[in-house]
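One structure is given here, and the rest of the page talks about it.
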Amino acid sequence: MATTSSLQPPTRVLMGPGPSGANPRVLAAMTKPLLGHLDPDFLRVMDRCREMLRRVMVTENQVTLATPGTGTSGMEAGVMNVVEPGDRVVVGICGYFGERIAQMAERAGGVVTRVQSPWGEPVDAAAVEAAIRAAGKVKLLAIVHAETSTGAETPVEPFARIAREAGALLLVDCVTSLGGVPVRVDDWGADVVYSGTQKCLSAPPGAAPITLSARAWEAVRARETPVNTWYLDLGLLEAYWDERRVYHHTAPISMVYALHEALALVLEEGLEARWARHERNGRALQAGLEALGLTLHAQAGYRLPVLTTVRIPEGVEDAAVRGALLNRFGIEIGGGLGELRGRVWRIGLMGESSTAGNVLLLLNALGRLLREQGFPADIRAAVSAASERLRS
Ligand code: PLP
(Lines give C-alpha, C1' and ligand atoms only; values in the text may rest on other atoms or scores of the structure.)
Protein backbone atom coordinates (compact mmCIF):
# COMPACT_ATOMS: atom_id res chain seq x y z
CA MET A 1 0.00 0.00 0.00
CA ALA A 2 1.30 3.41 -0.90
CA THR A 3 2.36 5.48 2.08
CA THR A 4 1.68 9.17 2.37
CA SER A 5 3.52 11.74 4.42
CA SER A 6 3.17 15.43 4.89
CA LEU A 7 5.52 17.76 3.07
CA GLN A 8 8.62 18.65 5.10
CA PRO A 9 11.01 20.75 3.03
CA PRO A 10 14.18 21.77 4.88
CA THR A 11 14.74 25.38 5.89
CA ARG A 12 17.41 26.96 3.71
CA VAL A 13 19.22 30.26 3.67
CA LEU A 14 18.33 31.35 0.14
CA MET A 15 21.28 33.32 -1.22
CA GLY A 16 21.06 32.32 -4.86
CA PRO A 17 19.69 34.29 -7.81
CA GLY A 18 16.12 33.62 -6.61
CA PRO A 19 13.88 32.70 -5.00
CA SER A 20 14.89 34.70 -1.95
CA GLY A 21 13.59 33.92 1.53
CA ALA A 22 10.01 35.02 2.09
CA ASN A 23 8.88 36.98 5.13
CA PRO A 24 6.72 34.84 7.47
CA ARG A 25 3.91 37.35 6.99
CA VAL A 26 3.94 36.64 3.26
CA LEU A 27 3.81 32.88 3.82
CA ALA A 28 1.05 33.32 6.40
CA ALA A 29 -0.96 35.42 3.93
CA MET A 30 -1.01 32.43 1.58
CA THR A 31 -2.80 30.35 4.20
CA LYS A 32 -5.72 32.81 4.52
CA PRO A 33 -9.18 31.64 3.37
CA LEU A 34 -9.68 31.43 -0.35
CA LEU A 35 -12.11 33.83 -1.97
CA GLY A 36 -13.65 33.59 -5.41
CA HIS A 37 -11.82 35.51 -8.11
CA LEU A 38 -14.83 37.83 -8.59
CA ASP A 39 -15.73 38.15 -4.89
CA PRO A 40 -15.90 41.88 -4.05
CA ASP A 41 -13.52 41.29 -1.14
CA PHE A 42 -10.96 39.71 -3.45
CA LEU A 43 -11.41 42.50 -5.98
CA ARG A 44 -10.54 44.95 -3.22
CA VAL A 45 -7.33 43.00 -2.56
CA MET A 46 -6.50 43.33 -6.27
CA ASP A 47 -7.19 47.07 -6.15
CA ARG A 48 -4.89 47.49 -3.18
CA CYS A 49 -2.17 45.46 -4.95
CA ARG A 50 -2.47 47.75 -7.94
CA GLU A 51 -2.19 50.84 -5.81
CA MET A 52 0.82 49.46 -3.90
CA LEU A 53 2.46 48.31 -7.13
CA ARG A 54 2.28 51.86 -8.48
CA ARG A 55 3.99 53.14 -5.33
CA VAL A 56 6.69 50.45 -5.39
CA MET A 57 7.33 50.96 -9.12
CA VAL A 58 7.14 54.75 -8.65
CA THR A 59 4.62 55.28 -11.42
CA GLU A 60 1.18 56.68 -11.99
CA ASN A 61 0.52 54.42 -14.96
CA GLN A 62 -3.09 53.29 -15.12
CA VAL A 63 -2.15 49.93 -16.62
CA THR A 64 -0.29 48.39 -13.70
CA LEU A 65 -1.08 44.80 -12.74
CA ALA A 66 0.46 41.41 -12.05
CA THR A 67 0.42 38.68 -14.66
CA PRO A 68 -0.10 35.13 -13.40
CA GLY A 69 3.21 33.31 -13.69
CA THR A 70 6.86 33.92 -12.86
CA GLY A 71 9.04 36.78 -14.11
CA THR A 72 9.12 35.27 -17.57
CA SER A 73 5.36 35.83 -17.88
CA GLY A 74 5.96 39.54 -17.33
CA MET A 75 8.66 39.47 -19.99
CA GLU A 76 6.43 37.60 -22.41
CA ALA A 77 3.47 39.90 -21.74
CA GLY A 78 5.64 42.98 -22.30
CA VAL A 79 7.25 41.77 -25.50
CA MET A 80 4.29 39.99 -27.09
CA ASN A 81 1.81 42.81 -26.53
CA VAL A 82 4.04 45.48 -28.05
CA VAL A 83 5.75 43.68 -30.92
CA GLU A 84 3.84 42.92 -34.11
CA PRO A 85 5.12 40.97 -37.10
CA GLY A 86 7.57 43.09 -39.05
CA ASP A 87 8.27 45.57 -36.21
CA ARG A 88 11.89 46.50 -35.73
CA VAL A 89 13.24 45.79 -32.26
CA VAL A 90 16.67 46.59 -30.81
CA VAL A 91 17.77 44.61 -27.76
CA GLY A 92 20.80 45.62 -25.70
CA ILE A 93 22.23 42.36 -24.43
CA CYS A 94 24.87 41.87 -21.74
CA GLY A 95 23.82 38.48 -20.40
CA TYR A 96 21.42 35.55 -20.48
CA PHE A 97 18.15 37.40 -19.91
CA GLY A 98 18.70 40.03 -22.62
CA GLU A 99 19.02 37.18 -25.08
CA ARG A 100 15.73 35.72 -23.81
CA ILE A 101 13.98 39.01 -24.63
CA ALA A 102 15.49 38.96 -28.13
CA GLN A 103 14.21 35.42 -28.73
CA MET A 104 10.73 36.37 -27.59
CA ALA A 105 10.70 39.42 -29.87
CA GLU A 106 11.60 37.13 -32.77
CA ARG A 107 8.79 34.76 -31.85
CA ALA A 108 6.44 37.75 -31.95
CA GLY A 109 7.56 38.30 -35.55
CA GLY A 110 9.85 41.23 -34.78
CA VAL A 111 12.93 42.02 -36.85
CA VAL A 112 15.51 42.01 -34.09
CA THR A 113 18.90 43.69 -33.89
CA ARG A 114 21.04 42.43 -31.01
CA VAL A 115 23.62 44.81 -29.55
CA GLN A 116 25.98 42.68 -27.50
CA SER A 117 28.23 43.74 -24.64
CA PRO A 118 30.64 41.48 -22.75
CA TRP A 119 29.01 39.53 -19.91
CA GLY A 120 29.85 41.50 -16.78
CA GLU A 121 29.55 44.96 -18.33
CA PRO A 122 26.42 47.08 -18.71
CA VAL A 123 24.68 47.48 -22.08
CA ASP A 124 26.64 49.91 -24.26
CA ALA A 125 24.45 52.99 -24.85
CA ALA A 126 26.54 54.39 -27.71
CA ALA A 127 26.41 51.07 -29.57
CA VAL A 128 22.65 50.87 -29.04
CA GLU A 129 22.20 54.41 -30.33
CA ALA A 130 24.20 53.59 -33.47
CA ALA A 131 22.18 50.40 -34.00
CA ILE A 132 18.91 52.29 -33.71
CA ARG A 133 20.06 54.84 -36.29
CA ALA A 134 21.06 52.05 -38.63
CA ALA A 135 17.85 50.08 -38.13
CA GLY A 136 15.48 52.82 -39.31
CA LYS A 137 12.04 53.05 -37.66
CA VAL A 138 12.34 51.07 -34.43
CA LYS A 139 9.22 50.19 -32.44
CA LEU A 140 10.89 48.84 -29.30
CA LEU A 141 14.20 49.18 -27.51
CA ALA A 142 14.69 46.61 -24.73
CA ILE A 143 17.24 46.21 -21.95
CA VAL A 144 17.62 44.35 -18.68
CA HIS A 145 18.17 46.71 -15.74
CA ALA A 146 19.71 44.12 -13.41
CA GLU A 147 21.29 41.25 -15.37
CA THR A 148 21.05 38.33 -12.96
CA SER A 149 23.41 36.17 -15.00
CA THR A 150 26.34 38.59 -14.63
CA GLY A 151 25.61 40.82 -11.62
CA ALA A 152 25.87 43.99 -13.74
CA GLU A 153 23.46 46.93 -13.59
CA THR A 154 22.69 48.94 -16.71
CA PRO A 155 21.73 52.54 -15.87
CA VAL A 156 18.36 53.14 -17.56
CA GLU A 157 18.31 56.92 -18.19
CA PRO A 158 20.54 56.99 -21.32
CA PHE A 159 18.33 54.39 -22.96
CA ALA A 160 15.16 56.34 -22.16
CA ARG A 161 16.64 59.35 -23.97
CA ILE A 162 17.73 57.23 -26.95
CA ALA A 163 14.29 55.63 -27.21
CA ARG A 164 12.49 58.98 -26.94
CA GLU A 165 14.64 60.58 -29.63
CA ALA A 166 14.05 57.62 -31.92
CA GLY A 167 10.30 57.56 -31.28
CA ALA A 168 10.66 54.02 -29.90
CA LEU A 169 9.17 52.51 -26.76
CA LEU A 170 11.56 51.45 -23.98
CA LEU A 171 11.07 48.08 -22.28
CA VAL A 172 13.05 47.45 -19.10
CA ASP A 173 13.38 44.11 -17.29
CA CYS A 174 13.39 44.85 -13.55
CA VAL A 175 12.91 41.28 -12.36
CA THR A 176 15.95 41.40 -10.08
CA SER A 177 15.96 45.12 -9.25
CA LEU A 178 12.41 45.95 -8.10
CA GLY A 179 12.32 46.34 -4.34
CA GLY A 180 16.11 46.19 -3.95
CA VAL A 181 17.66 48.74 -6.30
CA PRO A 182 16.09 52.10 -7.22
CA VAL A 183 13.43 51.62 -9.92
CA ARG A 184 11.61 54.84 -10.82
CA VAL A 185 9.47 54.07 -13.83
CA ASP A 186 8.05 57.55 -14.45
CA ASP A 187 11.27 59.45 -13.72
CA TRP A 188 13.12 57.14 -16.09
CA GLY A 189 10.49 57.60 -18.78
CA ALA A 190 10.36 53.83 -19.34
CA ASP A 191 7.31 52.50 -21.21
CA VAL A 192 7.09 48.83 -20.31
CA VAL A 193 8.55 47.62 -17.02
CA TYR A 194 8.03 44.21 -15.48
CA SER A 195 9.38 42.27 -12.52
CA GLY A 196 8.84 39.07 -10.54
CA THR A 197 7.79 38.29 -7.00
CA GLN A 198 10.59 35.97 -5.94
CA LYS A 199 13.59 38.28 -5.91
CA CYS A 200 13.72 41.55 -3.95
CA LEU A 201 9.96 41.55 -3.30
CA SER A 202 10.56 38.35 -1.32
CA ALA A 203 7.40 36.44 -2.12
CA PRO A 204 7.26 33.00 -3.71
CA PRO A 205 7.62 32.80 -7.50
CA GLY A 206 4.25 33.05 -9.23
CA ALA A 207 3.29 36.59 -10.21
CA ALA A 208 4.88 39.26 -12.37
CA PRO A 209 4.19 42.95 -11.78
CA ILE A 210 4.02 44.89 -15.04
CA THR A 211 3.28 48.51 -15.88
CA LEU A 212 2.75 50.29 -19.20
CA SER A 213 3.01 54.01 -19.93
CA ALA A 214 0.14 55.75 -21.74
CA ARG A 215 2.33 55.74 -24.87
CA ALA A 216 2.89 52.01 -24.64
CA TRP A 217 -0.79 51.35 -23.98
CA GLU A 218 -1.73 53.40 -27.05
CA ALA A 219 0.65 51.29 -29.12
CA VAL A 220 -0.90 48.08 -27.77
CA ARG A 221 -4.43 49.35 -28.49
CA ALA A 222 -3.40 50.42 -32.00
CA ARG A 223 -2.13 46.97 -33.02
CA GLU A 224 -3.29 45.75 -36.40
CA THR A 225 -2.95 42.10 -35.43
CA PRO A 226 -4.22 40.30 -32.33
CA VAL A 227 -1.67 39.73 -29.58
CA ASN A 228 0.03 36.41 -30.20
CA THR A 229 -0.85 35.02 -26.76
CA TRP A 230 -4.29 34.76 -25.23
CA TYR A 231 -3.29 34.16 -21.63
CA LEU A 232 -0.95 37.14 -21.47
CA ASP A 233 -3.00 39.51 -23.66
CA LEU A 234 -2.79 42.71 -21.60
CA GLY A 235 -6.01 44.07 -23.09
CA LEU A 236 -7.87 41.08 -21.65
CA LEU A 237 -5.94 41.17 -18.36
CA GLU A 238 -6.60 44.88 -17.90
CA ALA A 239 -10.32 44.28 -18.44
CA TYR A 240 -10.20 41.98 -15.39
CA TRP A 241 -7.97 44.22 -13.27
CA ASP A 242 -9.90 47.45 -13.96
CA GLU A 243 -13.49 48.27 -13.00
CA ARG A 244 -14.93 46.19 -15.87
CA ARG A 245 -14.01 42.98 -14.00
CA VAL A 246 -14.40 40.79 -17.05
CA TYR A 247 -13.49 37.18 -16.29
CA HIS A 248 -10.24 36.18 -17.99
CA HIS A 249 -8.69 33.47 -15.81
CA THR A 250 -9.22 32.22 -12.27
CA ALA A 251 -6.77 34.44 -10.44
CA PRO A 252 -4.14 32.63 -8.34
CA ILE A 253 -5.83 33.87 -5.17
CA SER A 254 -3.16 32.88 -2.61
CA MET A 255 -0.42 34.27 -4.83
CA VAL A 256 -2.22 37.61 -5.00
CA TYR A 257 -2.45 37.54 -1.17
CA ALA A 258 1.32 36.93 -1.07
CA LEU A 259 1.96 39.80 -3.45
CA HIS A 260 -0.28 42.04 -1.37
CA GLU A 261 1.63 41.27 1.84
CA ALA A 262 5.04 41.54 0.18
CA LEU A 263 4.18 44.98 -1.23
CA ALA A 264 2.85 46.10 2.15
CA LEU A 265 6.16 45.04 3.73
CA VAL A 266 8.15 47.00 1.13
CA LEU A 267 6.11 50.12 1.81
CA GLU A 268 6.29 49.69 5.59
CA GLU A 269 10.08 49.54 5.37
CA GLY A 270 10.11 52.47 2.94
CA LEU A 271 11.64 52.38 -0.53
CA GLU A 272 14.68 54.49 0.35
CA ALA A 273 15.44 52.51 3.51
CA ARG A 274 15.03 49.25 1.64
CA TRP A 275 17.34 50.32 -1.16
CA ALA A 276 19.89 51.48 1.45
CA ARG A 277 19.72 48.11 3.25
CA HIS A 278 20.39 46.23 0.02
CA GLU A 279 23.22 48.60 -0.87
CA ARG A 280 24.90 48.27 2.55
CA ASN A 281 24.70 44.48 2.71
CA GLY A 282 25.71 44.01 -0.93
CA ARG A 283 28.78 46.20 -0.64
CA ALA A 284 29.76 44.46 2.62
CA LEU A 285 29.55 41.07 0.91
CA GLN A 286 31.61 42.31 -2.02
CA ALA A 287 34.29 43.78 0.27
CA GLY A 288 34.36 40.51 2.21
CA LEU A 289 34.69 38.33 -0.89
CA GLU A 290 37.61 40.42 -2.11
CA ALA A 291 39.24 40.21 1.31
CA LEU A 292 38.83 36.42 1.17
CA GLY A 293 41.11 36.62 -1.86
CA LEU A 294 38.46 36.23 -4.57
CA THR A 295 37.84 38.31 -7.70
CA LEU A 296 34.47 39.90 -8.42
CA HIS A 297 33.29 39.37 -11.98
CA ALA A 298 31.09 42.37 -12.84
CA GLN A 299 32.71 45.62 -13.88
CA ALA A 300 33.48 47.95 -10.96
CA GLY A 301 31.01 50.83 -10.83
CA TYR A 302 28.19 48.68 -12.26
CA ARG A 303 28.01 45.93 -9.63
CA LEU A 304 24.55 45.16 -8.36
CA PRO A 305 24.28 45.04 -4.57
CA VAL A 306 21.53 42.42 -4.79
CA LEU A 307 23.36 39.86 -6.94
CA THR A 308 27.11 39.41 -6.83
CA THR A 309 29.10 37.32 -9.27
CA VAL A 310 32.45 36.09 -8.01
CA ARG A 311 34.98 34.11 -10.01
CA ILE A 312 35.68 30.51 -8.98
CA PRO A 313 39.41 30.25 -8.28
CA GLU A 314 41.58 27.91 -10.33
CA GLY A 315 41.58 24.39 -8.86
CA VAL A 316 38.41 24.86 -6.81
CA GLU A 317 35.51 22.58 -7.69
CA ASP A 318 32.31 24.49 -8.39
CA ALA A 319 29.77 21.74 -7.67
CA ALA A 320 31.60 20.47 -4.57
CA VAL A 321 31.59 23.90 -2.94
CA ARG A 322 27.95 24.64 -3.76
CA GLY A 323 26.95 21.16 -2.65
CA ALA A 324 28.75 21.52 0.68
CA LEU A 325 27.28 24.98 1.24
CA LEU A 326 23.82 23.47 0.81
CA ASN A 327 24.31 20.22 2.66
CA ARG A 328 26.56 21.29 5.51
CA PHE A 329 25.48 24.89 6.04
CA GLY A 330 21.98 25.00 4.51
CA ILE A 331 22.98 27.87 2.24
CA GLU A 332 21.95 28.05 -1.41
CA ILE A 333 24.01 30.07 -3.86
CA GLY A 334 23.79 29.91 -7.66
CA GLY A 335 26.18 28.59 -10.27
CA GLY A 336 27.06 30.45 -13.46
CA LEU A 337 24.55 30.67 -16.30
CA GLY A 338 25.24 30.51 -20.03
CA GLU A 339 28.80 31.45 -20.89
CA LEU A 340 29.65 31.95 -17.19
CA ARG A 341 28.72 28.39 -16.29
CA GLY A 342 31.47 26.85 -14.17
CA ARG A 343 33.31 30.21 -14.02
CA VAL A 344 31.40 32.18 -11.39
CA TRP A 345 29.16 31.81 -8.39
CA ARG A 346 26.10 34.01 -8.12
CA ILE A 347 25.30 35.18 -4.61
CA GLY A 348 21.99 36.90 -4.00
CA LEU A 349 21.16 39.28 -1.18
CA MET A 350 17.56 40.00 -2.04
CA GLY A 351 14.63 41.06 0.08
CA GLU A 352 14.42 39.07 3.32
CA SER A 353 17.72 37.36 2.47
CA SER A 354 19.58 40.68 2.48
CA THR A 355 20.80 40.72 6.09
CA ALA A 356 24.10 41.45 7.80
CA GLY A 357 23.90 37.99 9.39
CA ASN A 358 23.69 36.28 6.00
CA VAL A 359 26.70 38.25 4.74
CA LEU A 360 28.85 37.05 7.64
CA LEU A 361 27.46 33.51 7.53
CA LEU A 362 28.27 33.13 3.84
CA LEU A 363 31.78 34.56 4.18
CA ASN A 364 32.58 32.19 7.03
CA ALA A 365 31.11 29.11 5.35
CA LEU A 366 32.55 29.82 1.90
CA GLY A 367 35.93 30.73 3.37
CA ARG A 368 36.07 27.47 5.25
CA LEU A 369 35.13 25.38 2.19
CA LEU A 370 37.67 27.19 0.04
CA ARG A 371 40.39 26.43 2.57
CA GLU A 372 39.37 22.76 2.53
CA GLN A 373 39.95 22.84 -1.23
CA GLY A 374 43.42 24.31 -0.80
CA PHE A 375 42.58 27.94 -1.55
CA PRO A 376 44.13 30.20 1.14
CA ALA A 377 40.97 32.17 1.97
CA ASP A 378 41.56 34.83 4.62
CA ILE A 379 38.37 34.50 6.67
CA ARG A 380 39.46 36.90 9.38
CA ALA A 381 40.20 39.64 6.83
CA ALA A 382 36.89 38.96 5.08
CA VAL A 383 34.82 39.26 8.23
CA SER A 384 36.68 42.39 9.21
CA ALA A 385 36.23 44.05 5.79
CA ALA A 386 32.53 43.15 5.68
CA SER A 387 31.92 44.29 9.26
CA GLU A 388 33.57 47.61 8.47
CA ARG A 389 31.15 48.14 5.55
CA LEU A 390 28.18 47.03 7.60
CA ARG A 391 28.92 49.74 10.15
CA SER A 392 29.08 52.51 7.55
N1 PLP B 1 14.66 38.41 -16.11
C2 PLP B 1 15.67 38.38 -15.22
C3 PLP B 1 16.63 39.52 -15.19
C4 PLP B 1 15.79 37.31 -14.35
O5 PLP B 1 16.78 37.27 -13.46
C6 PLP B 1 14.86 36.25 -14.40
C7 PLP B 1 15.00 35.09 -13.50
O8 PLP B 1 16.00 34.86 -12.87
C9 PLP B 1 13.84 36.32 -15.34
C10 PLP B 1 13.77 37.40 -16.18
C11 PLP B 1 12.84 35.22 -15.45
O12 PLP B 1 12.14 35.10 -14.27
P13 PLP B 1 11.49 33.69 -13.81
O14 PLP B 1 12.61 32.71 -13.69
O15 PLP B 1 10.84 34.05 -12.53
O16 PLP B 1 10.51 33.31 -14.85
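Angle between the Cα long axis of helix 253-269 and the longest principal axis of the chain, 0 to 90 degrees, nearest 10?
Approximately 70 degrees, to the nearest 10.
Can you check what the net charge comes to around Val175, using other residues whose Cβ is under 15 Å from the Cβ of Val175 (Lys, Arg +1; Asp, Glu -1)?
Result for the neighbourhood of Val175: -2.
Could you tell me which residue out of Trp188, Pro305, Gly367 lies farthest along the dipole of the chain toward its positive end? Charges go on the beta carbon: Lys and Arg +1, Asp and Glu -1, centred on the Cα centre.
Gly367
If you roll a 1.4 angstrom probe over the protein chains with everything in place, what fraction of the accessible area of the chain belongs to carbon and sulfur, to the nearest %?
The C+S portion of the solvent-accessible surface of the chain is 52 percent.
I want the local charge near Ala262. Using Cβ-Cβ distances under 10 Å, sum +1 for each Lys or Arg and -1 for each Asp or Glu among the other residues.
Net charge in that neighbourhood comes out at -1.
Just to be sure I follow the definition: excluding the sites themselves, where is the longest run in the chain that has none of the trypsin sites (Lys or Arg not before Pro) in a DSSP loop with at most 10 other Cβ atoms within 10 Å?
Within the chain, the longest run free of exposed trypsin sites (Lys or Arg not before Pro) spans 245-392.
Calculate how steeply helix 125-135 sits against the longest principal axis of the alpha-carbon atoms of the chain, using the helix alpha-carbon long axis, and give the answer as 0 to 90 degrees to the nearest 10.
30
What is the calculated FRET efficiency for Glu165 to Glu317, with r their C-beta to C-beta distance and R₀ = 45 Å, to the nearest 0.05?
Numbers: r = 49 Å, r/R0 = 1.10.
Once rounded, the FRET efficiency stands at 0.35.
Calculated FRET efficiency, Val246 and Ala300, Cβ-Cβ r, R0 30 Å, to nearest 0.05?
The formula returns an efficiency of 0.05 here.
Determine ³J(HN,Hα), in whole Hz, for all residues of region 289-306 in sequence, where each value follows from phi through the Karplus function 6.51 cos²θ - 1.76 cosθ + 1.60 and θ = phi - 60°; x replaces Gly and Pro.
So the J values, rounded to whole Hz, are 5, 5, 5, 5, x, 9, 10, 6, 8, 5, 4, 4, x, 10, 7, 6, x, 8.
Mind checking region 293-392 for GluC sites (Glu not before Pro) that DSSP puts in a loop (not H, G, I, E or B) and that have at most 16 other Cβ atoms within 10 Å?
Numbers: sites: Glu314, Glu317, Glu332, Glu339, Glu352, Glu372, Glu388; in loops: Glu314, Glu317.
Qualifying residues, ordered by number: Glu314, Glu317.
What's the magnitude of the charge dipole for the chain around its Cα centre, counting Lys and Arg as +1 and Asp and Glu as -1 at the beta-carbon? Answer in Debye, nearest 20.
It works out to roughly 600 debye.
May I ask for the angle, rounded to the nearest 10°, between helix 40-57 and the longest principal axis of the chain, with both axes built from Cα atoms and the value confined to 0 to 90°?
For helix 40-57, the angle is close to 70 degrees.
Per residue, how much accessible area does the chain have with a 1.4 Å probe, in Å²?
Each residue of the chain exposes 41 Å² on average to a 1.4 Å probe.
Can you pull the three principal axis extents for the Cα set of the chain, in Å, largest first?
Here the Cα extents, ordered largest to smallest, are 63, 58, 50 Å.
Only bridges whose two residues both fall in the chain count here: according to DSSP, what percent of them are antiparallel, nearest 5?
Roughly 50 percent of the DSSP beta bridges within the chain come out antiparallel.
Which FRET efficiency value, to the nearest 0.05, is calculated for Leu34 and Arg184 with the Förster distance at 25 angstrom and r the Cβ-Cβ distance?
Values: r = 35 Å, r/R0 = 1.41.
Taking R0 as 25 Å, the efficiency between Leu34 and Arg184 is 0.10.
The values are calculated or read from the model by the stated rules, or taken from the named source; none is laboratory data. From a predicted model like this one, the values you see are computed outputs, not experimental measurements. All Cβ positions, glycine included, derive from the backbone under ideal geometry; neighbour counts span all protein chains shown. Calculation scope for accessible area: heavy atoms of the full protein, side chains included, ligands and nucleic acids excluded. Shrake-Rupley method; radii C 1.70, N 1.55, O 1.52, S 1.80 Å.
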